[in-house]
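Right, one structure below, let's go through it.
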Amino acid sequence: MSQEIYYEDINVGDEMPKLVKGPLQKLQHVMYAGASGDFNPLHTDDDFAKAVGLDGVIAHGMLIMGFVGQAITQWIPRKYLKRFGVRFAGMTKPGNTITVKGNVVEKRVDGNENIIKCEVLAQDENGDVKVTGHFEAALPLKS
Amino acid sequence: MAVDRKFIGKEYGPMTYEVCKEKIKEYARAIKNEDPHYLDEEFATRSKYGGIIAPPTFAVIYSGQLAMPFFMDPELNLDFAMLVHGEQEFEFYDIVRPGDVITTQGKIANIENKEKVDVISLDAYSRNQEGKLVCKAVYTFVIRKS
């Protein structure tokens, strides 16, 4: 859980604490479908997924973005998060274990806000990239 | 069939969503995120937020409602079987809490016709019951051409 964090304590190159999620189960796809209202059968129905040429169901991209969001807010308090974006780079399948990592790429003062920018990445156990992205947070100063 | 660029600027919504703490908990449990800011009322009440808050990606629940009329728009006639979620962006302006009534309005921001795919992006602006912008979301979908 995120503790107070200050702009002065963060340096370009610092790593975000890693988050490991999974292994994913089909049941979690069903839970996510219900919670999110995204009932695209590609995520829950193997017969449907096979009919469109996959070897079975794939996870919702937004579930993986949710994992990345969890990794961010376990490090940076929610109220400091200003921007968060991802590109969905690969399909996640049941059995995959997802590791989210990130690092600080920029610090800048923008008006009266002290912004850190980080790049984030979610990969499976084979190193295959599922999501790449970035976020910006406006952090408080110590002084 | 390429998606016609004349639909750039087409509007969807407004659609309204009332945030409730049970939905926030259901969402956090589906992610398997055990952060007590989302799940534990006693902890959350003692936190700097003074109560349960929505996780950042909960924005897809209130603002993503716009996806339905967009996907189902007979004029656009999207090939849903060929469509994938390509990118997702959020800009956050305020914390969302249980009891907030969020109204989202959106428009097609861009349509690019590329050789093998069309790329279409939808901007969605979500405001709370006080009219304050809480989140701008950009949904980008990639549609393979059959």
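The values are calculated or read from the model by the stated rules, or taken from the named source; none is laboratory data. Quick caveat, the model's predicted, so the values are computed rather than measured. All Cβ positions, glycine included, derive from the backbone under ideal geometry; neighbour counts span all protein chains shown. Protein only, heavy atoms only, side chains kept; ligands, DNA and RNA dropped before computing areas. Shrake-Rupley method; radii C 1.70, N 1.55, O 1.52, S 1.80 Å.
Using protein heavy atoms only (no ligands, DNA or RNA), what is the total accessible area buried between B and A, 1.4 Å probe, nearest 100 Å²?
On the way: alone 8390 and 7820 Å², together 13440 Å².
The summed interface area works out to 2800 Å².
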Roll a 1.4 Å probe over the protein chains and send me the accessible area per residue for the stretch A:22-93 in Å².
39 Å²
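What does the helix-only formula give at 222 nm for chain B: each DSSP H stretch with n ≥ 4 adding -39500 (n - 2.57), the total divided by the residues, and the result rounded to the nearest 500 deg cm²/dmol?
Details: 5 runs with 31 residues, N = 146.
Helix contribution divided over all residues of chain B: -5000 deg cm²/dmol.
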Helix B:21-31 against the longest principal axis of chain B: what's the angle in degrees, Cα atoms only, rounded to the nearest 10?
70 degrees
Restricting the stretch B:40-142 to trypsin sites (Lys or Arg not before Pro) in coil, as DSSP defines it, with at most 13 other Cβ within 10 Å
B:48, B:114, B:116, B:132
Contact order normalised by length for chain A, with contacts defined as Cα pairs under 8 Å and 6 or more residues apart; what percent is it?
31 percent
Contact-by-burial set, the stretch B:87-111, min loss 30 Å², accessible area of protein heavy atoms with 1.4 Å probe, reference chain alone, gives B:87, B:88, B:89, B:90, B:91, B:92, B:95
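Name the GluC sites (Glu not before Pro) in the stretch B:49-107 that are in a loop by DSSP and that have at most 15 other C-beta atoms within 10 Å, would you? If you can, show how the numbers build up before the last one.
On the way: sites: B:75, B:87, B:89, B:91; in loops: B:75.
Listed in order of number, the matching sites are B:75.
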Taking the alpha-carbon distance from residue A:107 and a cut-off under 20 Å, which lysines remain once sequence neighbours fewer than 8 residues away in the same chain are dropped?
A:79, A:82, A:117, A:142
Restricting attention to the stretch A:70-143, which trypsin sites (Lys or Arg not before Pro) occupy a DSSP loop and are surrounded by at most 14 other Cβ atoms within 10 Å?
A:142
Centroid-to-centroid separation of the stretch A:97-143 and the stretch A:26-89 [C-alpha atoms, Å]:
19 Å
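Based on DSSP loop calls and a cut-off of at most 14 other Cβ atoms within 10 Å, the longest stretch of chain A free of exposed GluC sites (Glu not before Pro) is what? Walk me through the intermediate numbers first.
On the way: sites that count: A:4, A:125.
Looking at chain A, A:5-124 is the longest stretch - no exposed GluC sites (Glu not before Pro) with at most 14 other Cβ atoms within 10 Å.
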Counting only heavy atoms of the protein chains, get the accessible area per residue of chain B (1.4 Å probe) and round it to a whole Å² value.
48 Å²
Within the accessible area of chain A (1.4 Å probe), percent carbon and sulfur
47 percent
Going by alpha carbons, how many degrees (0 to 90, nearest 10) lie between the helix axis of A:26-36 and the longest principal axis of chain A?
60 degrees
Dividing the mean separation of Cα pairs under 8 Å (6+ apart) by the residue count of the stretch A:1-62 yields a relative contact order in percent of 20 percent
Any idea what the relative contact order of chain B is, in percent, if you count C-alpha pairs under 8 Å spaced at least 6 apart?
31 percent
Measure off 7 Å from each Cα along the Cα-to-Cβ vector at residue B:39 and residue B:10, then give the distance between these two points in nanometres to one decimal.
4.2 nm
